[in-house]
Amino acid sequence: MSRSGVGICPSCASRVKSSWESCARCGEDLTSEGSSPRDLDFNGPSAAQAPDRGEFPWRALLGTAAFVIAGFMSFVALRRGPGPAPDPSLFILPTVPPAVPAAVPRPPMKPGAAAFEAGRALLAQGDVAGALSLLSEAAAAAPNDELYRFTHGRALLLSGANAQAIVELEAAVRLAPSLPLNWATLARAQQAADRGAEALASFARAAELAPGDVQVARDYAVLLTRTGEADLARSVLQKAAQGAPGSPVLRQELAYQLEQAGDAPTAVALYRSVLDSVRDAPVARSRLAELLYQEKRTDEALGLLREGVTQVPTSATLQRSLGSVLERTGRTGEAAAAYREYVRLAPDSSDAAALTERARALERTNSGSS
């Protein structure tokens, strides 16, 4: 033991005094041989390397506690299993916004397009005079455009310039020969210009391209009838009626053609089929009543006409037909009233003045006989 009376416990290296029989830290017996404390060497290692000098071992205790806590936390983590996965968006790199595509250049406007659209709009509004100059400008700017030439020709036809209309419509036909509307419009222009033979040829081509077109067949048949081609007119209508069996217009026109040809029974059947489809068809009703009267079925004819007047009281056609049948059956007072109603409904008709005078005469006759 050194002269200072302080030594080192051989077991735990703590400082002990020479008077101690056992180590205060570890309880080592300091009295036995081989267990006596070693003297402190003041000339030994530096203070940084010197062993513990008897203070409480806080550092060792704290290290042990940290080790135990870390082990416990690892155990808890393993017991809980893996935690929720992180948000995948955290690992997505920001995308670079796409470049704005270059503007696609618009194709240049077709020559005359602006004038054509403006002219067509005016024509749709009924302003034929205003449309003509614009449509003429468009047709001149694009002479090979079928639609421009057709629309210009149609406007000319509406304005009454039939010869000029034919020129434009013939150009449209050359540019688009498979369009039935071009041929039919050309035929109407030729008919208006009293070029009947050409009109018939154009109508024939239109009917060939569109055999079910009601208006084409009707106009073609009417022109055939006027030129003495009644048989061909019936053939055209029958063919069109087969292509459009639901058209009451074609059935009515065909019935009239058969009536003119003397086939009254077939005409009667067709007129009745028209009335089955369209109850307020005044022409079909009037023609059917006339055929019934000619077959001496007067009461049936009058009943048919009176039913029509009740359904369509504004029909001048029915009033005139009713007056005619009433007059021929001697019912002069009722006939005069029907004629006057006809004149009231159609004051501008070509026979208004004649039927007014006829009503006066019937009224005089009726008053004289009474």
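List of remarks:
- Only listed residue being in contact with a Leu (Cβ under 9 Å, 6 or more places away or on another chain), hydroxyl-bearing (Ser, Thr, Tyr) and crowded, with 23+ Cβ neighbours inside 10 Å, chosen from Ser202, Ser178: Ser202
- Test: Gln252 is more than 23 Å from Gln319 (Cβ to Cβ) and either touching a residue at least 12 places away in the same chain (Cβ under 8 Å) or touching a His at 6+ places or on another chain (Cβ under 6 Å) (or both): no
- Comparison of Phe91, Phe116 shows that the only residue that is at pLDDT below 95 and surrounded by 14 or more Cβ atoms within 10 Å (Cβ to Cβ) is Phe116.
- Residues of the stretch 347-370 classified as modelled with pLDDT of 85 or more and polar (S, T, N, Q), total: 3
- Scanning the stretch 242-259 for residues that are at pLDDT below 80, assigned to a helix (DSSP H, G or I) and surrounded by fewer than 21 Cβ atoms within 10 Å (Cβ to Cβ) yields Gln242, Gly243.
- Taken residue by residue, the stretch 209-221 has at least one member that is under 39 Å from the mean Cα position of the chain (by Cα), at pLDDT 90 or above and within 24 Å of Arg154 (Cα to Cα).
The values are calculated or read from the model by the stated rules, or taken from the named source; none is laboratory data. Just so you know, these numbers come straight off a predicted model, no measurement behind them. FYI the Cβ positions are ideal-geometry reconstructions off the backbone, even for glycines, and counts take in every protein chain you see.
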